[in-house]
Amino acid sequence: MKKLLGLLTVMVLVLAGCGSSEQVGDGVITIWGTPDFDIPIFEEAASIYQEDNPDVQFEFVASPDDVGQVIHTSLASNTVEGLPDILSLQDQEAQIYLESYPDAFYPLEDIVNYDDFLDYKEAICTYEGSTYCLPFDVGVAGLFYRTDYFAEAGYSAEDLNNITWDRYFEISEDVYNKTGHQAIAYDTNGVKEQIMLQSAGTSYIDDRYENLKDNPALVETVEKDKIIRTSDWAYNSPDWAATLNSVNSGDLASIPAGSWFIDIIKAEPSQSGKWGMAPVPRLNVEGATNYSNDGGSSLYVVNGTGDEELAADFLANGFNSEELAKNALNESSALLSYIPAIEAGVYDTADEFFGGQHIYQQLADWTLEIPAVTYDAKTTAASSALAALTPDYISGKITTEQLLDQIQQQIA
Amino acid sequence: MKKKISAVFTHMILIIISFICVFPFFWMVVGITNSSVDITQGKLTFGNYFMTNLQTVIEKVDLFQIIFNSVVIAFFGTVLSLIVASMAAYAFQIYHNKFRERIYNLMLVSLMIPFAALMIPLYKEVVFLGLLNTYTAVVLQLTSSVFLVFFFRQSLKNFPLELIESSRIDGASELLIFARIVVPSMKATYASATIYAFMGAWNGYLWPLLVIKSNDMKTFPLAISALSTTNRAPDVGAVMLLIVFSTIPMLVIFFVFQKQFVQGMVGSSK
């Protein structure tokens, strides 16, 4: 029996010895990011920073699938131990974190020169007078389409330039009737509301309107959504994998999406030369533009790790490089929000996959035009409420006005 | 004739159900030989992308480190939880105390609390103990399995008390009785508990996700999740291959203990 006790003791000792614990304030900047996309860019920014600060060490960690769960658990437990010094947050989620944990992030407005970064990105991470992020990649939206299918139906690039959603629907229907290829892969998680709303410089919540139903852009967005969801020419995608499949298999004729979607399109090399890009369609309301955003992220310094000043200094000085922006495009197909790089034309290259079109320069130019909007916790709530009420709205059980009233009640 | 029809009917249903059960495995195995695009397009025949997928996995994932981490956590998690649970069950069943049933019922009630509600207090505890990013944090959480205590106690209910009493008369110590008399007679229970505990430890996701922070501490589920998280289209072929790697040990454990497992199932219903 002593053996068993002995075995137990040994196990406990072995386990205790196996762990390696992270030091707080150790002078090593730990950063979380996605391995394919963020980390190659972070690594290069780190090497730029190390030229002037050779003593600073970095550790890059692949952020987990449910990074939000980890961040929420840590911050709700009132501890930053276990969090990195720098993490990247999706733009549409940023305000939720800033509102829920006001002291959790280190303010950067005195350190980072925000004149060098896109205005709309700065707005996203400003909360109660402080700005907390280094603007990172943008998800500037474009309308991606198959030039061969559109040519077959008799449409050229010119026909898609700066059009309205109504016109886009007409063309899509025509393309579908002539070629059999559908447009817009939509699923239950909302069609392209985000793209439509931001292109008109608004969001679900807009201070200019007391009620949701008073916001003309929102009204038009949900109505357009209904048209898409009830039309044959639009593809009803069961999930994300099916969306990817519809693009890569050549079924889909066109899809409006953020610039990060280019990488997905390019995953099927046999379609090289068959794609084109146009600005996203616009709404019919006042202030409507053909420029919008879908996705994108920014970098935040976690407050209280002991290394926050060092980390902030790195963000302020490691990312203002045209070279970095250029390599970010080549390595990760990422468009950074660093204005001098956009103006210097680092993105000005012909893309063979898109028939020699200078897509990245076009996207970069569009980023300068994207209207600034703020997202907050209510935006997310409204988006979920809309998704939940959509079936009733599509079936005609509730009108547009009732739909928006019900959403408003739910988020109040 | 009637018998024949009902046999055909039974087989039809069984074939459909087994197809539903086996298909994901089949798809997974086919998937490791296909490219990501082929998989999302639903290709169901073997392709020639296996080496490419293997190369991607080896490039992006430190396979040996992950196997080591998973094995350490699953081994200690399984062994410790079996020891703790079987000893606790033995104590609950054999020793008399007027609070015994109340404490036991309280423990059973705790089965109803969802993990999401325990997460934050547990996390605070681990931070307080300085165990963040250690194997210990993951293993400790596994060792306190109320279900396993319940499971062992159920199978101890039919254990002949006379055996224990006669051993006591012969002068055996309590620990000796447990180790030499009780444990050997419960081999089947231990086997099925091993499968249960191992699966839990090997497949654990949420808790390891919260307490493991660095790349070199990650287990299979975390590595799979990291590989499928990307701003690009995820490389489904490589993800499938990593899933296959993580499934193999579970299959091995299951087949090794299967005989006892089936016996245990039969035994518990006797």
Q: Have a look at the DSSP beta bridges in the stretch A:18-168 and tell me what percent are antiparallel, nearest 5.
A: 20 percent
Q) B:Gln65 label point, 7 Å along Cα→Cβ, cut-off 11 Å on backbone N: hits in the stretch A:60-91? A) A:60-62
**Q.** In sequence order, calculated HN-Hα J values of the stretch A:149-155 (Karplus, 6.51, -1.76, 1.60; Hz; x Gly/Pro)
**A.** 5, 5, 5, 4, 8, x, 10
Q: Under 19 Å Cα to Cα from B:Lys98, which lysines show up? Leave out anything in the same chain fewer than 8 places away.
A: B:Lys157
**Q.** A:Asp405 versus B:Ala7: modelled label distance in nm, points set 7 Å from Cα along the beta carbon direction
**A.** 6.7 nm
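Tell me, what is the FRET efficiency for B:Leu175 and B:Ala117 to the nearest 0.05, using R0 = 30 angstrom and their Cβ-Cβ distance as r?
Details: r = 36 Å, r/R0 = 1.20.
In this case the efficiency is close to 0.25.
Within the set A:Lys266/B:Lys213; B:Lys187/B:Lys259; A:Lys121/A:Lys226; A:Lys266/B:Lys218; B:Lys4/B:Lys259; A:Lys121/A:Lys326, which residue pairs have Cα atoms separated by over 21 Å? Intermediate results must be reported in sequence, preceding the final value.
Details: A:Lys266/B:Lys213 33 Å; B:Lys187/B:Lys259 11 Å; A:Lys121/A:Lys226 30 Å; A:Lys266/B:Lys218 31 Å; B:Lys4/B:Lys259 31 Å; A:Lys121/A:Lys326 19 Å.
Violating the 21 Å limit, Cα to Cα: A:Lys266/B:Lys213; A:Lys121/A:Lys226; A:Lys266/B:Lys218; B:Lys4/B:Lys259.
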Q.
What does the net charge come to around A:Ala94 if you take all other residues with beta carbon closer than 13 Å to its beta carbon, with K and R at +1 and D and E at -1?
A. -4
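Sort B:Lys157, B:Lys98, B:Lys218 by heavy-atom solvent-accessible area, probe 1.4 angstrom, most to least.
Details: B:Lys157 100, B:Lys98 170, B:Lys218 20 Å².
So, going from the largest accessible area down, we get B:Lys98, B:Lys157, B:Lys218.
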Q) Under 16 Å from a point 7 Å along the Cα-to-Cβ line of B:Ser214: which residues of the stretch A:23-55 have their amide N that close? A) A:23-32
Q) Over what distance in Å are the Cα centres of the stretch B:202-251 and the stretch A:318-338 separated? A) 29 Å
Q.
Show me, for the stretch A:250-267, the HN-Hα J-couplings you get by feeding each phi into the Karplus relation (A = 6.51, B = -1.76, C = 1.60, θ = phi - 60°), rounded to Hz, glycine and proline as x.
A. x, 6, 7, 8, 7, 7, x, 7, x, 4, 5, 6, 4, 4, 5, 4, 6, 5
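Calculate, for A:Thr380 and B:Phe255, the FRET efficiency according to 1/(1 + (r/R0)^6) with r their C-beta to C-beta distance and R0 35 Å; round to the nearest 0.05.
In this case the efficiency is close to 0.15.
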Q.
Using a 7 Å offset from the Cα along the Cα-to-Cβ direction at both B:Trp27 and A:Gln69, what is the distance between the two label points in nm, to one decimal?
A. 2.1 nm
Q. Taking a label point 7 Å from the Cα of B:Ser110 along the Cα→Cβ vector, which residues of the stretch B:132-148 have an amide N closer than 13 Å to it?
A. B:141-148
Q: For A:Ser249 and A:Glu323, compute 0.36 nm times the residue count separating them, minus their Cα-Cα distance, and round to one decimal in nm.
A: 23.1 nm
Q. Points 7 angstrom from Cα along the Cβ direction at A:Asp159 and B:Ile83: gap in nanometres?
A. 7.5 nm
Q: For chain B, with a Gaussian network of springs between Cα atoms less than 10 Å apart, report the residue from B:Thr143, B:Thr247, B:Thr40 with the top mean-square fluctuation.
A: B:Thr40
Q) Quick one: which of B:52-64, A:248-260 comes out on top by average Cβ neighbours within 10 Å, and what's the full order, highest first? A) A:248-260, B:52-64
Q. In Å, what Rg and Dmax follow from the Cα atoms of the stretch A:99-202?
A. 19.9, 57
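Using the Kirkwood radius over Cα pairs, work out the Stokes-Einstein diffusion coefficient for the stretch B:151-249 at 37 °C and 0.692 mPa s, in µm²/s as a whole number.
Details: Rh = 17.3 Å.
It diffuses with D of about 190 µm²/s by this estimate.
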Q) Based on the mean of other beta carbon atoms within 10 Å per residue, what is the order of B:181-188, B:11-18, most packed first? A) B:181-188, B:11-18
**Q.** Diffusion coefficient, µm² s⁻¹, Stokes-Einstein with Kirkwood Rh over alpha-carbon pairs of chain B at 4 °C and 1.567 mPa s
**A.** 59 µm²/s
Q: Using a Förster distance of 51 angstrom, determine the FRET efficiency expected from the C-beta separation of B:Arg168 and A:Ser47, and round it to 0.05.
A: 0.10
Q. Computed over the Cα atoms of the stretch B:54-142, what is the ratio Rg over Rh, Rh following Kirkwood?
A. 1.12
Q. Where the centroid of each part is defined by its Cα atoms, how far is the stretch A:120-159 from the stretch A:349-412 in Å?
A. 12 Å
Q | Phi-based couplings in Hz for the stretch B:125-141 (Karplus 6.51, -1.76, 1.60; Gly and Pro marked x) | A | 4, 5, 5, 4, 7, x, 9, 4, 6, 10, 4, 3, 4, 6, 5, 4, 5
**Q.** Cα centroid separation - the stretch B:83-117 against the stretch A:172-247, whole Å
**A.** 54 Å
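The values are calculated or read from the model by the stated rules, or taken from the named source; none is laboratory data. The structure presented is a predicted model; accordingly, all values stated were derived computationally and were not measured. When we count neighbours, we look across all protein chains shown, and the Cβ atoms used for this are built from the backbone with ideal geometry, even at glycine. All accessible areas refer to the heavy atoms of the entire protein, side chains included, with ligands and DNA or RNA removed. Shrake-Rupley method; radii C 1.70, N 1.55, O 1.52, S 1.80 Å.
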